[in-house]
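The values are calculated or read from the model by the stated rules, or taken from the named source; none is laboratory data. Predicted model, so just to flag it, every value in this text is computed and none were measured. Quick reminder, even Gly has a Cβ in these numbers, built from the backbone with ideal geometry, and neighbours come from all protein chains shown.
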C-alpha cells in the first residue's frame, strides 16, 4: 500500500490491498492479541492484567487514529504504511523469538513456566 501511495500508480488495486490486509489481520494479529492477554497473566492478577492490556490496546488505537491524518498531511500518504510495515516486522520477530508458546498448556503450568517454579519444584522433589 505504501508503494501505491508513494508512486501514485496502480490506484485501482488499493481497495483490494486494503481489504486483503484487513482480512489477514482479522484472522491473525487482530484476534490473537485478545487471546494472549487472557493467557499471559497469572490467575491472581488476570482481571487487572486484562484491564491494563485492553486499555493500553485501545489507547494506542486511539493515538494511531488521531495521528494518521496528521502524518499524511505533513509527510505523505505512504509514510504511515511504511511505519506500519516496519512495526509489523518488529512485532513478528518479537513474537517469534521472545513470547512463550501457550498452546496446549494449562494456565497454571504456563504460569509456573513463566515464573520458573517448575525447576524449583523438580529440584526440591529430587532432593527429597
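Hey, among 43, 7, 20, which residue is touching a residue at least 24 places away in the same chain (Cβ under 8 Å) and farther than 17 Å from residue 91 by Cα? So that I can check it myself, show each step before the final result.
Numbers: 7 fails: touching a residue at least 24 places away in the same chain (Cβ under 8 Å); 20 fails: touching a residue at least 24 places away in the same chain (Cβ under 8 Å).
Exactly one residue qualifies, and that residue is 43.
Residues in the stretch 89-111 that are touching a residue at least 40 places away in the same chain (Cβ under 8 Å) and either surrounded by 12 or more Cβ atoms within 10 Å (Cβ to Cβ) or under 16 Å from the mean Cα position of the chain (by Cα) (or both): 91, 99, 102, 107, 110, 111. Checking each residue in the stretch 1-27 for being assigned to a helix (DSSP H, G or I) and under 20 Å from the mean Cα position of the chain (by Cα) picks out 18, 19, 20, 21, 22, 23, 24, 25, 26. Residues in the stretch 68-82 that are part of a helix (DSSP H, G or I) and touching a helix residue (DSSP H, G or I) at 6+ places or on another chain (Cβ under 8 Å): 68, 71, 72, 79, 80, 81, 82. Only one of the numbered conditions (1) under 26 Å from residue 30 (Cβ atoms); (2) at pLDDT 85 or above is not met by residue 99, and that is (2).
Here residue 47 passes the criteria (1) closer than 19 Å to residue 114 by Cα; (2) at pLDDT 85 or above; (3) touching a helix residue (DSSP H, G or I) at 6+ places or on another chain (Cβ under 9 Å) except the one numbered (3).
With respect to the stated conditions, residue 70 fails to be on the phi < 0 side of the Ramachandran plot, out of contact with any strand residue (DSSP E or B) (no Cβ under 8 Å at 6 or more places or on another chain) and at pLDDT below 85.
Please state which of the following conditions residue 23 fails to meet, knowing it meets all the rest: (1) farther than 24 Å from residue 114 by Cβ; (2) modelled with pLDDT under 85; (3) loosely packed, with under 12 Cβ neighbours inside 10 Å. Of (1) farther than 24 Å from residue 114 by Cβ; (2) modelled with pLDDT under 85; (3) loosely packed, with under 12 Cβ neighbours inside 10 Å, only one is false for residue 23: (2).
Condition test on residue 29, is it modelled with pLDDT under 90, within 30 Å of residue 6 (Cα to Cα) and out of contact with any helix residue (DSSP H, G or I) (no Cβ under 6 Å at 6 or more places or on another chain)?
Working: modelled with pLDDT under 90: yes; within 30 Å of residue 6 (Cα to Cα): yes; out of contact with any helix residue (DSSP H, G or I) (no Cβ under 6 Å at 6 or more places or on another chain): yes.
Yes; evaluated as a whole, the condition is true for this residue.
Could you pull out the residue among 114, 59 that is in a helix (DSSP H, G or I) and modelled with pLDDT under 80?
Details: 59 fails: modelled with pLDDT under 80.
Selected residue: 114, the only one of 114, 59 that is in a helix (DSSP H, G or I) and modelled with pLDDT under 80.
For the stretch 83-108, taking the residues that are touching a helix residue (DSSP H, G or I) at 6+ places or on another chain (Cβ under 7 Å) and not in a loop (DSSP other than H, G, I, E, B), the one that is farthest from residue 32 (Cα to Cα) is identified as 85.
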